[in-house]
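So the structure is just underneath, and the comments pick up after that.
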Amino acid sequence: MIIGYARVSTDDQNLDLQMDALKKEGCGKIYQDTGSGMKKNRPGLDEAISHLRKGDTLVVWKLDRLGRSLKDLLDLIEKFYQDEIQFKSITDGINTTTAVGRFFFNIMGSLAQMERELMMERTQAGIKAAKERGRVGGRKRALVNSKLDAARKLLDDGIPRRDVAEIMKISMATLYRYFLEVESGS
């Protein structure tokens, strides 16, 4: 089955050019979205992908209609490769039903894998460098020692925990966590 996907960025634009090109390519069903490609919510694309099966082909008018970013595009192309789904971009001349197209597809998948591995290496190097400087990961503590002392004084004065949490502008869970840490010596 040949499935098409078309997208325009704004309501002012129209899909006629893309729709005509996709129909000419023999798309039996065409899904569409209106909105920025940077939006995570693209129901038309999600539906098109959900209908793709092994051996099917997804056709787009232009590559930039498909991905929000290079990483997003590479991840999507890798998913197609793993699911044995063909891909064709009309104006970019990408067609994985041909030997050259499959070669290009494999290169794109390799680039995606390399980018993921480089990102993991950079992350690990950053964590190591931070630890060597004495920094630890995670969010900053909600209660510094002075606020913790103030909260302890309020609790010792008989103020209910809920009121103390409200006064300190923290959640009850945070208040309990801090005082469990203090009481257990953590």
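Please treat every number below as a calculation from the coordinates, not as lab data. Everything numeric here is computed off the predicted structure, so don't read it as measured data. Quick reminder, even Gly has a Cβ in these numbers, built from the backbone with ideal geometry, and neighbours come from all protein chains shown.
By count of other Cβ within 10 Å, fewest leading, how are Tyr176, Tyr81 ordered?
Tyr176, Tyr81
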Going from the fewest other Cβ atoms within 10 Å to the most, one would list Val164, Val144 as Val144, Val164
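A 32 angstrom limit on the alpha carbon distance is what I want to check against. Which of Lys24/Lys71; Lys79/Lys140; Lys23/Lys79; Lys54/Lys128 exceed it?
Values: Lys24/Lys71 29 Å; Lys79/Lys140 37 Å; Lys23/Lys79 25 Å; Lys54/Lys128 43 Å.
Table pairs above 32 Å Cα-Cα are Lys79/Lys140; Lys54/Lys128.
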Can you list residues from other chains, or at least 5 along the same chain, whose modelled amide H is less than 5 Å from the amide H of Ile94? Ser89
Sort 8-18, 48-58 by the packing proxy (mean of other Cβ within 10 Å over each peptide's residues), most packed first. 48-58, 8-18
Binned at 10 Å starting from 0, the alpha-carbon pair-distance distribution of the range 2-115 in whole percents comes out as 14, 50, 31, 4
Between Leu111, Leu74, Leu175, which gets the highest mean-square fluctuation from a Gaussian network model of the chain, Cα cutoff 10 Å? Leu175
With Cα springs under 10 Å, the Gaussian network model of the chain assigns the largest mean-square fluctuation among Ala150, Ala21, Ala99 to Ala150
Rounded to the nearest Å, what's the spacing between the alpha carbon centres of the range 49-105 and the range 121-144? Just the number, please. 38
Would you mind calculating the gained length between Thr10 and Ser146 on full extension (0.36 nm times residue separation, minus the Cα-Cα distance), in nm to one decimal? 43.8 nm
